[in-house]
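Remarks on the structure that follows.
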Amino acid sequence: MSLGSWAELIASGLITGGVYALVALGLNLQYGLMRILNIAHGEFLMLGAFLTWAAHESLGWSPLLMLPVSFLLLGALGLAIHRLVFRRLTLTSANLDVFEARGLMVSFGLMFLVQNFAQSVWGGDLRGYDYLAEPVAIGGAQFAGNKLLLLGLALVISGALIALLRLTLLGKGVRALMQSPTGAQLVGIDTERLHPLMFGLGLGLSGLAGCLLSMSYTISPGMGEPYTVTALIVITLGGFGSMTGALVGGLGLGVVEALGMHFSNPSLKSLLSYGIFIAVLLWRPNGLFTRK
Amino acid sequence: MSQKPAAGLKRRTLVQAAAASAALGFPAIASAQAAPVRIGYTMARTGPWTTGAQVSQEPNYLLWAEQQNAAGGLLVKGVRRPIELIASDDRSDIETCVRSYEKLMGSDKVDLILAPWGSNANFAVAPLANRFGYPLLGPTALSRRLIEMKLPYFFSLLQQPAPMMNALVDMLKAQGVRTMTAIYVDDLFGLENYAALKVALQGTGISLLEDKSYPLGVKDLSPVLRSMKDKQPDAFVGLTYPPDTILASRQAKEIGFNPKFFYGSVGTAFQLYRNVMAASAEGVLGMGSWNSKSSPAAKAYFDAHVKKFGAAKEPDRWASGATWAGLEILTAAVAKVGLDKKAIRDFVAAGTHETLLGKIRFAGSENIGTPGTVGQWQKGEFEVVWPKANATATLIAPKPNWV
Amino acid sequence: MMIKRDLLILFVLACGAGAMPYIGSEFAVSMALTCLMYVALSTSWALFCGTTRYMSLATAAFFGIGAYAGALALELLPWGLVIALGAVLAAGVAALMGAAVLHLRGTYFAVLTFGMTELIRHAITYWEKQVTGTVGRVLMVVPDRDTVYLSVLGLAVLAVLCTIVVRRSRFGLALVGIGADEQRAQTLGVNTRLVKVAGFALTAAFAGAVGAAMSVRWTYIDPATVFNPFIGFQTVLIALIGGAATLWGPLIAAVVFSLLAETLRLQMPQLYMMSLGMLLILCVLYLPGGLASLRFPRAAR
């Protein structure tokens, strides 16, 4: 295979990885900060995709416009869900383990609820639309415009999030909470406000990823689950709670999958992904990147 | 003098009118008294099988019942009896299918049953139908293994992998193809077609440069397609399901993979494909066996379908046709022999049936009347391009580059 | 006192269910079969996961292993042994899995069991494709409906019986102790590792047996159908809503939900799924012990 083809292969891996990273970041925010393992995460991605599609079809809105709109809408939904559901859990759970277990069960229920809601509203048919699908040539390689947009935005947003967490006061507060909830509260960081905000942010990111994905892939009510699973794999690899780990892990997984598909076949790739996942969970349960 | 003809005319018209009203009134009275024909089935209205089921199968069942009832009902040995459809959602779940059909055949004892969607469901229901003695015509059940089960009450209408792959390879060979790459889905459909493809390629001089399998629900095929693009084959064959057919087509377009022949399997014949790919659909090959030009019966069916469900819901150019053909056969059987299930079964098994797809006859469970065919999108219509006897248009070769 | 009452109730229910094939319509028997399947699955799930609070999402994996074992052995062994083989293989895999992963807590464990299910599914798909050149199995010679029904009934009764017995045994107390406070249980001398692996294997055995028994109904099995995660999800949902720590909770919930699913399917199928999700959320928020804790408060946490 020529050098150009290698570049193409790796680049397409990065593009897929960009989406993984975006979804994983949202999930990580929720788990790292609040120990809420939101299995329903992918369903909100699906909602973002459907909302964008619906706006495109019936209102004629450009998906680019829907980027901030889906982010805000899903973010608001996240705030509502946290207020209605998770806050009560926090108040009534005896300790963190119980909270985690209950949070998992609740997100389980959410997954059922949201997926079937989407199915009852939009039906089971495949839908899709084309946006920015014209190929763009870079060097000797050819990519679809929307895929490049996807990668670009994924990197920018991930970078922005990491910068937010590192550099702003809000970000420092979040990181402090992640390190030590009691300690953070002692120094006056407002858990009450930060938790719903971060939960909403996580869901907003998910919706944003869904909006981006809808430009180039077909959408259906069941599309979210595989992304939840991949996001789980990514945050396991990168370390629960580590933002950079999620970014690197997401991009890395995308590239590994692309290479794997090239050298073997896509069927084996799935096997490998899960195998690596299990192996990492067993060997380094805290992820490959966290220092312990 | 002028009175007589007028009087005669008046009397004649009066008699004619009386006869007409009697004729109109009679079947109405007759059908009001005739017991309905109860026909049961389950169909995927939710779950992964929904796309296929709601494009290729259920709309046809509904259209058929409506048409028959508009004519006064299903003709049962000279008496018209209204059709009563007893249907439910099987949620794409086999256990639900089995349970529902057990109820329909065992408890409710319906007069006839219609098939559910897909090979898996038919695998489960066919032995059941056989046990209860109900003939089952399956238009979306595609597997050599089903035929090999040798169930006397089961009939598969769709062409088997071997004839379909033979037709494809014959056509490609006639076009001078020397190299090919293929992808296939990790499912019985993909595997059987892949095996049939390999057999068909033997001795043709066409070399299979690369072949890769992929799991159900794959999200990205571009790495595979890129390496195939590098090898520059004359033909690309995808043994794919609708979501993957669309994915492969879109991603091939993205990366600029333009083989002379591009073939996708299930889903290419759907209107959905044309909707998603728009002008890029031009020249794409796939599994299809009819369109409205195939026969007058085909045109009538197509128009009726569009009339009932709207222009946005055309029948697909493969399985829908097979579904309708099955219903035509059933209608003919019931008209001739009534509702005796064994008699219907014998009628279907022994006869040569005229349908919109041509002549259909069965060897065991297999339809050997319809040959393997290849279809191609040409200017917004999916034409049959091979074999010449069934063709509705000539093959466009090579496929124009993706636009 | 209590054990006699429980056994009596079980006996009466078993007799009632056992009479079904002879007095009930085709449909009623099918319905009862589905109920019994979920009774067996959720009761055995709750036996381990309800007490120790290790939420396992691997039910589908064991179900599938049982189904495949059944498919392979169907023409070689008599029916009883086919089911037993399914149970034994599933238990074996569970023991291996358990030994490797049961030291992880809570969410890790749940996520891991889910990952394992998918891994096993992909592995079997790959193996079948490469080595045997096929992707599914056709079950040609199947036992009749009544045999299948009575087998599943037997498994359901056995699951409940097992729960009754285990709850009063030292093993059962150890399980509960692990659920309450694992470290403490260890300091009190419980071999937590062994107990956990044994409990997990027991759960898996039932799932495997049920898988072997039910798969013959479908004539053709492939990985996508028998490793369908939905089987696992529904089992977990039913057990949790019914009350995973109680004896009768999962059983009642299994029956109620199977009937509900059937009724709703005919009108609004998505409503069933959505209401399952909703109910689970409400239960976790307001009734963590499940519905049964309303009636048997001593079992609630």
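Would you work out if the protein assembly as shown is rounded, prolate or oblate? Take a ≥ b ≥ c from the square roots of the eigenvalues of the alpha-carbon gyration tensor; rounded if a/c is under 1.5, else prolate when a/b is larger than b/c, oblate otherwise. Walk me through the intermediate numbers first.
On the way: a/c = 1.78, a/b = 1.29, b/c = 1.38.
Here the protein assembly as shown falls in the oblate category.
Between A:Gln179 and B:Glu381, what is the label-to-label distance in nm when each label sits 7 Å out along the Cα-to-Cβ direction?
In this crude label model, A:Gln179 to B:Glu381 measures out at 7.3 nm.
Counting pairs of alpha carbon atoms under 8 Å apart in space and at least six apart in sequence, what relative contact order in percent does the range A:3-283 give?
Across the range A:3-283, relative contact order equals 44 percent.
Got the relative contact order for the range C:36-228 handy, in percent, Cα pairs under 8 Å and 6 or more residues apart?
Relative contact order, the range C:36-228: 48 percent.
Taking a threshold of 22 Å on the Cα-Cα distance, which of the pairs B:Lys77/B:Lys150; A:Lys147/B:Lys229; B:Lys173/B:Lys260; A:Lys269/B:Lys229; B:Lys231/C:Lys129 fall above it? All intermediate terms of the calculation are to be shown ahead of the outcome.
Values: B:Lys77/B:Lys150 29 Å; A:Lys147/B:Lys229 19 Å; B:Lys173/B:Lys260 13 Å; A:Lys269/B:Lys229 20 Å; B:Lys231/C:Lys129 25 Å.
The answer is B:Lys77/B:Lys150; B:Lys231/C:Lys129.
When DSSP beta bridges are limited to those with both residues in the protein assembly as shown, what percentage is antiparallel, rounded to the nearest 5?
Values: 22 of 53 bridges.
Around 40 percent of the beta bridges assigned by DSSP in the protein assembly as shown are antiparallel ones.
Using a Förster distance of 51 angstrom, determine the FRET efficiency expected from the C-beta separation of B:Asp108 and C:Tyr286, and round it to 0.05.
0.80
Tell me, C:Glu128, B:Glu381, A:Glu134, B:Glu254 in order of fewest to most beta-carbon neighbours within 10 Å?
The fewest-first ordering by Cβ neighbours comes to A:Glu134, B:Glu381, C:Glu128, B:Glu254.
Please average, across the residues of A:268-280, the number of beta carbons from any other chain that are within 10 Å of each residue's own beta carbon, and give a whole number.
If you average over the peptide's residues, the count of other-chain Cβ atoms is 5.
Which of C:Tyr272, C:Tyr38, C:Tyr149 ends up with the largest GNM mean-square fluctuation for chain C, with Cα atoms connected below 10 Å?
Checking each option, the largest mean-square fluctuation is seen for C:Tyr272.
How would you rank B:159-166, B:218-225, highest first, on the average number of other Cβ atoms within 10 Å across their residues?
B:218-225, B:159-166
What lysines could a cross-link reach from A:Lys172, if we take a straight Cα to Cα line under 22 Å and drop same-chain neighbours fewer than 8 places away?
Cα-Cα hits under 22 Å: A:Lys292.
Given axes a ≥ b ≥ c from the Cα gyration tensor, I'd like to know whether the range B:175-221 is rounded (a/c under 1.5), prolate (a/b larger than b/c) or oblate.
oblate
Taking each residue of C:213-221 in turn, how many C-beta atoms of other protein chains fall within 10 Å of its C-beta, and what is the average? It would help to have the intermediate numbers written out before the result.
On the way: counts 0, 2, 1, 0, 9, 10, 13, 14, 4.
So the per-residue partner count for this stretch is 6.
Does the range A:1-64 come out rounded, prolate or oblate, given a ≥ b ≥ c as the square roots of the eigenvalues of its C-alpha gyration tensor, rounded meaning a/c under 1.5 and, failing that, prolate meaning a/b above b/c?
Cα axes put the range A:1-64 in the oblate bin.
Rounded to the nearest 500 deg cm²/dmol, what is the calculated helix-only ellipticity per residue at 222 nm for chain A, with -39500 (n - 2.57) per DSSP H run of length n ≥ 4?
It comes out at -25500 deg cm²/dmol, rounded to the nearest 500.
Restricting attention to the alpha-carbon atoms of the range C:36-228, what are Rg (one decimal) and Dmax (integer), both in Å?
Expressed in Å, the Cα Rg and Dmax of the range C:36-228 come to 16.9, 54.
Run the reach check for B:Lys299 against lysines, Cα to Cα strictly under 26 Å, same-chain hits fewer than 8 apart removed. What comes back?
Within the straight-line limit of under 26 Å, B:Lys299 reaches these lysines: B:Lys307, B:Lys308, B:Lys313, B:Lys336, B:Lys359, B:Lys379, B:Lys388.
Work out the FRET efficiency for B:Glu148 and C:Val165 from their Cβ-Cβ distance, taking R0 = 51 Å, and round it to the nearest 0.05.
0.65
Under 5 Å between amide hydrogens, which residues at least 5 positions from B:Trp117 or on another chain qualify, with H placed 1.01 Å from N in the peptide plane?
Excluding prolines and chain starts, which carry no amide H, the hits are B:Ala44.
Please compute the contact order of chain B in relative form: average sequence separation of alpha-carbon pairs under 8 Å and at least six residues apart, divided by the residue count, as a percent.
Averaging sequence separation for qualifying contacts and normalising by length gives 17 percent for chain B.
Just counting partner chain Cβ atoms within 10 Å, what average do the residues of peptide B:238-247 show around their Cβ?
2
Kyte-Doolittle cut-off 1.6, length cut-off 18 Å along the helix's own axis using Cα: show which whole DSSP H helices in chain A pass.
A:63-81, A:145-167
Can you list residues from other chains, or at least 5 along the same chain, whose modelled amide H is less than 5 Å from the amide H of B:Asp211?
B:Ala182
Give the peptides C:62-69, C:276-283 in descending order of average Cβ contacts within 10 Å, highest first.
Numbers: C:62-69: 29.6, C:276-283: 20.8.
In descending order of packing, they fall as C:62-69, C:276-283.
Could you work out Rg/(2.2 N^0.38 Å) for the range A:3-283, with Rg from alpha carbons only?
Cα Rg divided by the expected 2.2 N^0.38 Å: 1.00.
Based on other C-beta atoms within 10 Å, arrange A:Ser264, B:Ser56 from fewest to most.
A:Ser264, B:Ser56
Can you sort B:Lys342, B:Lys379, A:Lys147 by how many other beta carbons sit within 10 Å, fewest first? The partial results should precede the final answer.
Numbers: B:Lys342 13, B:Lys379 10, A:Lys147 27.
So the ranking, lowest neighbour count to highest, is B:Lys379, B:Lys342, A:Lys147.
Could you work out how much longer the chain between B:Ala311 and B:Leu209 gets when fully extended? Use 0.36 nm per residue separation minus the Cα distance between them, nm to one decimal.
Full extension from B:Ala311 to B:Leu209 adds 32.6 nm.
We did not get these values from a lab; they are worked out from the coordinates using the rules stated. Everything quoted here is computed from the prediction, not taken from an experiment. With ideal geometry, Cβ positions are generated from the backbone for all residues, glycine too; neighbour counts draw on all protein chains shown.
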